[in-house]
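See below for the structure under consideration.
The values are calculated or read from the model by the stated rules, or taken from the named source; none is laboratory data. Only a predicted model underlies this, so the values are computations on that prediction, with no experimental measurement involved. We place every Cβ from the backbone using ideal geometry, glycine too, and count neighbours over all the protein chains shown.
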Amino acid sequence: MTGRAPLKESLSGGIATLTLDRPEKRNALNAALIEALTRALERTAEDPSVRVVAIRGAGSDFCSGADLEELERMSALSEEENLADARRLGRLFISLRRHPRPVVAVVRGRALAGGAGLATACDLALAHEDAQLGYPEVQLGFVPAMAMTILRRKVPEAVAFELAVRGERIGAAEGERLGLFSRVLGDAEFDAEANSYLAELASRPPSAVAICKRLLYELDDLGFEDGIEGGVRANVQARMSEECRDGVKRFLERSRKRP
């Protein structure tokens with residue numbers, strides 16, 4: 001049993017990198033790792049120097065899902081204790097959605113079960129060409145329960161159902177086709193292109209990005225007219241920001257200099 005922390009954290013160029021660090025367990029999610037990741041997300045949400053959060057896995061895999069040894073122990077406990085444990089993962093998913101910055105999963109190897117849920121819960125996901133994604137819980141008589149809330153919003157209903165009840169792994173190209181991966185990157189250029197993507201995202205005005213993210217997810221609960229009104233308010237908030245004023249001023253200055 002290793003005594004090291006289950007999560008590594010670093011910050012460079014506005015990119016906060018959170019690395020799941022249980023490679024001997026294929027970065028399986030246990031209570032300690034889930035708590036550490038949730039706390040790290042809460043801290044980075046309050047840090048104005050953070051522009052993007054990247055979640056990676058140490059070793060050859062992103063995350064293999066729940067730690068089954070811990071899950072086996074929990075199944076013998078009371079319903080209330082199991083509810084408290086399940087809500088821990090639920091809070092993590094909510095923290096990802098509420099975070100004001102883009103959260104990007106950088107996926108190498110396997111992202112399975114809870115690991116697939118984690119990747120799906122991020123705003124964006126970059127995948128290595130050999131990455132695999134799957135929700136195989138049903139094969140153990142289990143279900144991808146909390147991940148379904150997010151999966152249902154990212155893919156059509158029948159696709160979400162098939163992924164959940166068949167539990168098959170899909171490759172990076174199929175994940176991109178379904179919209180679960182934002183980009184698939186080749187092996188030779190994976191790290192360079194992933195870092196470039198993150199750096200470009202970090203260069204965007206943070207207040208505008210935060211408004212985009214908040215409005216996008218608020219639309220889940222709004223009808224058409226309420227959604228338009230939410231867009232009106234977000235439009236006004238953005239146009240009155242210092243970032244927007246500076247951006248418009250720079251654009252107009254460049255335009256006036258053109259012949």
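Brief remarks on what is shown
- Residue tally, condition in contact with an Asp or Glu (Cβ under 9 Å, 6 or more places away or on another chain) and touching a residue at least 60 places away in the same chain (Cβ under 8 Å), over the stretch 72-98: 1
- Checking Arg73 against (1) at pLDDT below 95; (2) under 14 Å from the mean Cα position of the chain (by Cα), the condition it does not meet: (2)
- Of everything in the stretch 14-49 that is of a type in the set (S, T, N, Q) and touching a Pro at 6+ places or on another chain (Cβ under 9 Å), the residue that is surrounded by the most Cβ atoms within 10 Å (Cβ to Cβ) is Asn27.
- Tabulated pairs, the stretch 137-163, first among the β-branched types (Val, Ile, Thr), second in a loop (DSSP other than H, G, I, E, B), C-beta under 7 angstrom, 6+ apart or interchain: Val138/Gly167; Val155/Gly179; Val155/Leu180
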